[in-house]
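Data first, discussion second: the structure below is written as structure tokens.
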Amino acid sequence: MFHSPFQRKLLNIKERLFPSEMYLEEAIAFVNRLPNDIQVHWQRDGKFIIGEITDGDHSYLTQAKSAKELVEMVNDVVYSVYGVKQKYFRILGENKYYPNPEEFEKLNNAAIDKEEMNFIKQVVQPASI
């Protein structure tokens, strides 16, 4: 399920107040379930950047106001689509998809209206929970 930034904040507060059990094996299983790379076709629409995420035969849409926020939103969508539980988002924070620095620079350049890029999963196995 996809959550707005406000909903994520509420869920984070709830998790801090009422923590639930987390398991290292489950976190590692989520990491291994995620695809190695995804494609993101993006374009600017006024003050927003619209991103179409493609993973094999599936496509998903997201939007953001900045390049950094788009990277975060892309990761949130992929985590949600692959069933990563909200309580693991913070722990798996090092296991995210990023464009290479050259592609990120294009995304940050307001003069470029649209582009297609690969996001590669950067994997850091969680040491402990």
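Within straight cross-link reach of K114, meaning Cα distance under 18 Å, which aspartates and glutamates are found once same-chain residues fewer than 8 apart are removed?
Filter leaves D45, E52, E69, E102, E103, E105.
Please arrange E103, E25, E116, E69 by counting, for each residue, the other beta carbons lying within 10 Å of its beta carbon, fewest first.
Details: E103 18, E25 8, E116 12, E69 15.
Fewest-to-most Cβ neighbours within 10 Å comes out as E25, E116, E69, E103.
So how do F89, F119, F6 line up by other beta-carbon neighbours within 10 Å, fewest first?
Values: F89 19, F119 24, F6 8.
Sorted ascending by nearby Cβ count, the order is F6, F89, F119.
Kindly identify region 34-98 as rounded, prolate or oblate by the Cα gyration tensor criterion: order the square roots of the eigenvalues as a ≥ b ≥ c, call it rounded if a/c is under 1.5, otherwise compare a/b with b/c, prolate if a/b is larger, else oblate.
Working: a/c = 2.14, a/b = 1.41, b/c = 1.51.
Here region 34-98 falls in the oblate category.
What list do you get for R33, R44 if you sort them by fewest beta carbons within 10 Å? Each step should come with its number before you reach the end.
On the way: R33 10, R44 15.
Exposure proxy ranking, most exposed first: R33, R44.
Given the pairs K9/K121; K85/K106; K47/K87; K65/K121; K47/K96; K9/K65, which span a C-alpha to C-alpha distance of over 28 angstrom in this model?
On the way: K9/K121 24 Å; K85/K106 32 Å; K47/K87 31 Å; K65/K121 22 Å; K47/K96 25 Å; K9/K65 18 Å.
Long pairs (Cα-Cα over 28 Å): K85/K106; K47/K87.
For a Förster distance of 35 Å, can you work out the FRET efficiency between the beta-carbons of E69 and E25, rounded to the nearest 0.05? Display every interim value, and only then the final one.
Details: r = 32 Å, r/R0 = 0.91.
The computed FRET efficiency comes out at 0.65.
FYI, it's all coordinate maths here, none of it is from the lab. These numbers come from a predicted model, not from an experiment. Cβ atoms come from the backbone with ideal geometry, glycine included; neighbour counts cover every protein chain shown.
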